[in-house]
Amino acid sequence: MVSNVTPIEPQDLAVNDAEPMFDISVIGAGPTGLFAAFYAGLRGASVQVIDSLEEPGGALTAIYPEKYIYDVIGYPKVLAKDFVAACVEQAMRSNPTIHLNEQVQELLPQADGTFLLKTSTSVRRSRSVVIAAGVGAFEPTRLTAPGVAELEGSGVHYFAKRVEDFRDRKVVIVGGGDSAVDWAVTLEPVAESVKVIHRSKFRAHEATVDELERSTVELFYPKCEVIEVRAGDHGRIASLTFKNGDGEHADLEVDELICAIGFKADPGPMRSWGFELARNQIVVDKITMETNIPGVFGAGDIVSYPAKFKLIANGAAEAVTAVNHAVTYVNPDARLDPGHSTTIMEKRAKEAAAT
Ligand SMILES: Cc1cc2nc3c(=O)[nH]c(=O)nc-3n(C[C@H](O)[C@H](O)[C@H](O)COP(=O)(O)OP(=O)(O)OC[C@H]3O[C@@H](n4cnc5c(N)ncnc54)[C@H](O)[C@@H]3O)c2cc1C
């Protein structure tokens with residue numbers, strides 16, 4: 001694979017002299033990036049992780065923290081937020097440097113084979129890079145009805161996180177995908193009332209839609225649309241008007257409006273980094289997880305190769321491949337296959353005891 005990025009010399013960028021050089025920089029602290037960080041440490045590589053969100057966990061933290069996951073290895077059933085906590089604990093075994101609230105904006109390959117990562121706050125250095133950036137920067141699709149934009153943060157939510165925030169509240173959810181239906185079912189036992197307004201048929205998982213239809217959640221669909229949102233005296237959302245398929249208008253009282261009408265998947269700044277892209281995903285070599293830029297690897301939802309599955313389990317396996325190849329990029333004499341963690345850790349314990 002051939003890079004089509006023009007190297008930029010360090011003198012073109014203000015790099016802080018104290019800025020450390022890491023063996024591996026992982027872009028993205030979702031489940032894939034966190035596992036990559038752990039695995040880098042297992043390989044004895046120094047590692048930094050950079051994420052634009054304020055918390056680790058990627059999609060699990062941002063979109064579905066209170067949803068159960070059933071198909072990650074070792075957990076018959078686990079809440080996404082609990083799984084993230086376990087991933088963070090595992091990653092921390094490798095003592096990574098973690099930079100949150102920091103977006104990587106430019107990736108600059110250097111003439112000596114290393115990289116500068118220009119971020120929103122700094123210029124970081126690295127000998128290799130693993131991109132685990134999921135769908136890129138998360139951007140929820142905004143509801144455009146009058147009043148909604150003004151009340152964002154005052155009762156209008158795009159990222160619902162804690163169930164407790166909705167206890168005893170009159171909740172209205174807009175949307176009919178997984179996220180909308182999951183939140184409706186999850187909040188029903190906790191909220192004072194839950195109502196769902198949706199434009200077409202429910203597109204969520206069949207079992208969850210069945211659960212929704214058996215619940216006390218009041219459903220307004222299909223062809224129902226919010227047309228106006230209004231604040232009360234307290235300045236927060238208080239009521240809304242929606243119309244149905246016959247064009248009739250109705251008003252609802254509302255304390256919390258959750259807009260779950262989807263997210264835009266956009267690799268954002270990564271578009272201009274010189275990667276070969278396929279439908280907004282970075283094309284990688286399926287054997288090595290290397291991108292078309294030597295020394296830059298990919299793993300998780302961001303990558304594209306034939307028969308790719310966008311699942312947490314697959315991202316973890318790709319992270320292992322990406323890190324092992326990153327290690328041999330940094331040190332061509334290193335073994336590609338380090339063996340099992342059981343053996344590696346046993347050997348390390350013996351070496352530590354001997355010194
Ligand atoms: C509602 C829902 C339910 C799901 N259920 C399951 C399930 O049951 N089982 C399953 O296996 N999968 C499930 N998935 C899919 C799973 O969430 C993804 O496969 C997984 O999150 C991918 O992990 P990732 O680390 O590759 O990417 P993400 O989780 O998307 O994390 C990527 C991170 O990269 C950061 N980032 C992006 N660009 C930059 C940048 N330029 N600079 C800095 N940081 C950046 C983002 O902020 C983000 O934190 C579900 C997805 C959704 C939406």
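Quick look at the values:
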{"item": "The range 152-192: relative contact order as a whole-number percent, Cα under 8 Å and 6+ apart", "result": "49 percent"}
{"item": "Pairs of Cα atoms farther than 21 Å apart, the range 54-182, %", "result": "57 percent"}
{"item": "Cβ-placed point charges (K, R +1; D, E -1), dipole of the range 142-261 about Cα centre in debye, nearest 20", "result": "280 debye"}
{"item": "Centre separation in Å (Cα based) which lies between the range 279-355 and the range 187-219", "result": "41 Å"}
{"item": "Dipole of the chain, positive end: most advanced residue of Pro146, Pro56, Ser25 [Cβ charges, Cα centre]", "result": "Ser25"}
{"item": "Inter-probe distance in nm under a simple model that places probes 7 Å from Cα toward Cβ, at Lys161 and Thr343", "result": "4.3 nm"}
{"item": "Surface share of carbon and sulfur [accessible, 1.4 angstrom probe, percent] for the chain", "result": "51 percent"}
{"item": "Relative contact order for the chain, counting Cα pairs under 8 Å that sit 6 or more residues apart, in percent", "result": "19 percent"}
{"item": "Surface accessible to a 1.4 Å probe, per residue, for the residues of the range 263-355, Å²", "result": "54 Å²"}
{"item": "Proximal lysines relative to Lys201, as straight alpha-carbon distance under 21 Å, when same-chain residues fewer than 8 apart are discounted", "result": "Lys223, Lys243, Lys264"}
{"item": "FRET efficiency, 1/(1 + (r/R0)^6) with R0 41 Å, evaluated for Leu336 and Asn101 via beta carbons", "result": "0.75"}
{"item": "Amide hydrogen neighbours beyond the local backbone of Ala133, cut-off 5 Å, H modeled", "result": "Ala299, Ile302"}
{"item": "Rounded, prolate or oblate (a/c below 1.5 giving rounded, otherwise prolate when a/b exceeds b/c) for the range 142-261 by Cα gyration tensor", "result": "oblate"}
{"item": "Leu257 accessible area, assembled protein chains, probe 1.4 Å, Å²", "result": "0 Å²"}
{"item": "With eigenvalues of the C-alpha gyration tensor scaled by 5 and rooted, the chain, Å", "result": "43, 23, 18"}
{"item": "Residue-by-residue Karplus 3J(HN,Hα) for the range 55-62, coefficients 6.51, -1.76, 1.60, Hz, glycine and proline x", "result": "10, x, x, x, 4, 5, 7, 7"}
{"item": "Charge dipole of the chain about the Cα centre (unit charges at C-beta), most positive-ward option of Val172, Tyr305, Tyr221", "result": "Tyr305"}
{"item": "Listed residues Asp51, Asp251, Asp82 arranged by accessible area, highest first, probe 1.4 Å", "result": "Asp251, Asp82, Asp51"}
{"item": "Relative contact order [Cα under 8 Å, 6+ residues apart], the range 142-261, whole percent", "result": "33 percent"}
{"item": "Solvent exposure of the range 142-261 as accessible area per residue, Å², 1.4 Å probe", "result": "52 Å²"}
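The values are calculated or read from the model by the stated rules, or taken from the named source; none is laboratory data. The structure presented is a predicted model; accordingly, all values stated were derived computationally and were not measured. Every residue, glycine as well, gets a Cβ built from its backbone with ideal geometry; the counts of neighbours run over all protein chains shown. Each accessible area value is taken on the protein alone, full model and side chains, heavy atoms only, with ligands, DNA and RNA left out. Shrake-Rupley method; radii C 1.70, N 1.55, O 1.52, S 1.80 Å.
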